[in-house]
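Reviewing the structure listed below.
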Amino acid sequence: MLSIAGLATSVTLALSALSPVQAAGEIDQIVKRGELRIGYVPSPPGTTKDPISGEVTGFYVDAARTIAEQMGVKPVFVETTWANFVAGLQSNQFDMSIAATFATVRRAMAVEFTKPLLYLGSVAVVRKDDTRFSSVQDMNKESIRIAVVQGTAAEDWVRRTIPKARLVSLGGGNLTAGFMEVAAGRADASFEDGFTAGRFVEQQPSTKVLFADKPVFFLPVAWTVKRGNNELQSVLNIGLENLLISGQWDGLVGKHLQGGRYVDQPNLREFPVVAK
């Protein structure tokens with residue numbers, strides 16, 4: 001039987017093997033640093049970066065700022081991409097990511113998700129005069145080019161579901177990049193969430209949305225933290241739950257999205273957030 005002294009020695013050795021973050025506690029480290037480092041991918045209206053001033057705005061940004069304030073720390077925003085946000089979490093470049101991330105099994109093997117913030121279905125965008133596709137399987141041909149943004153759930157879905165098509169994988173954080181390839185005639189189709197697709201088609205009348213009545217997949221959208229970072233995950237879940245049940249979340253979203261349309265003029269966003 002292990003003596004009390006031996007047990008104490010074993011515990012000390014075990015603690016010394018932990019990283020400083022693990023030993024001290026994730027939240028303790030954030031509080032001690034005085035900063036909550038927040039990864040984001042520019043994707044209006046949830047996150048928007050002003051190209052001139054560099055200011056980051058959006059309802060995800062507002063919500064993250066609110067939670068950081070309640071934690072008593074300063075929010076620090078770190079730009080990343082859809083392809084790199086997981087690596088950014090794993091390498092401790094930032095503590096959390098507010099990129100609007102589809103919660104998939106594949107991603108859940110690498111990160112921890114917060115509670116769902118909303119649910120979105122994904123659709124296809126093709127040229128308006130293209131009548132070739134009455135189903136997804138009509139695209140499953142070697143002659144068909146499908147453009148998607150690298151690192152997105154759409155890219156993973158296309159690889160698994162339409163394996164014969166030629167995949168055009170695009171870097172960066174712009175979710176409309178694949179749609180622009182379609183509009184320019186460099187791709188036959190592109191997949192992304194219905195909200196982003198609808199906004200793009202409104203601005204590009206040469207394109208149209210397919211499968212809007214029955215999205216190709218429908219998934220929860222959430223924030224993420226590093227796998228195993230359950231302390232911060234728990235804090236974020238409480239913060240998000242409070243915003244959602246109080247009605248403050250609706251107010252934050254309403255500042256940037258009114259009547260289903262993105263509000264791109266800051267002066268039109270200024271109205272009080274009233275909890276229900």
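The values are calculated or read from the model by the stated rules, or taken from the named source; none is laboratory data. Note that the structure is a prediction, hence the values are computed from the model and not measured. Neighbour counts run over all protein chains shown; Cβ positions are idealised from the backbone, glycine included.
Being in contact with a Ser or Thr (Cβ under 9 Å, 6 or more places away or on another chain) and buried (at least 16 other Cβ atoms within 10 Å of the Cβ) is true for just one of PHE191, PHE195. Which residue is that?
Numbers: PHE195 fails: in contact with a Ser or Thr (Cβ under 9 Å, 6 or more places away or on another chain).
Exactly one of PHE191, PHE195 is in contact with a Ser or Thr (Cβ under 9 Å, 6 or more places away or on another chain) and buried (at least 16 other Cβ atoms within 10 Å of the Cβ), namely PHE191.
State whether one or more residues within segment 208-216 are basic (Lys, Arg), in a strand (DSSP E or B) and either surrounded by fewer than 20 Cβ atoms within 10 Å (Cβ to Cβ) or at pLDDT below 95 (or both).
Yes - at least one qualifying residue is present in segment 208-216.
Considering segment 57-67 alone, what residues qualify as being buried (at least 20 other Cβ atoms within 10 Å of the Cβ) and in a helix (DSSP H, G or I)?
PHE59, TYR60, VAL61, ASP62, ALA63, ALA64, ILE67
Which residue pairs have Cβ atoms under 8 Å apart, sit 6 or more places apart or on different chains, and have a first residue in segment 211-239 that is touching a residue at least 60 places away in the same chain (Cβ under 8 Å) and among the polar types (S, T, N, Q) and a second that is outside any strand (DSSP E or B) and surrounded by fewer than 16 Cβ atoms within 10 Å (Cβ to Cβ)?
Sorted first by the residue in segment 211-239, then by its partner, the pairs are ASN237/LYS115.
Do any strands (runs of 3 or more DSSP E) entirely within segment 73-170 hold 2 or more residues that are of a type in the set (Val, Ile, Thr) and either modelled with pLDDT of 95 or more or exposed (fewer than 13 other Cβ atoms within 10 Å of the Cβ) (or both), and if so, which? Break it down stepwise before answering.
Working: elements: 74-79, 96-102, 111-113, 118-127, 145-149, 166-170.
Fully inside segment 73-170 and qualifying: 74-79, 118-127, 145-149.
Part of a strand (DSSP E or B) and of a type outside the set (Phe, Trp, Tyr), is that true of GLY54?
no
Quick check on my filter: what residues within segment 175-199 are modelled with pLDDT under 95 and aromatic (Phe, Trp, Tyr)?
The answer is PHE195, and nothing else.
Would you mind stating whether SER53 is more than 25 Å from ILE245 (Cβ to Cβ) and either touching a Cys at 6+ places or on another chain (Cβ under 6 Å) or hydroxyl-bearing (Ser, Thr, Tyr) (or both)?
Considered against the rule, which asks whether it is more than 25 Å from ILE245 (Cβ to Cβ) and either touching a Cys at 6+ places or on another chain (Cβ under 6 Å) or hydroxyl-bearing (Ser, Thr, Tyr) (or both), SER53 comes out as yes.
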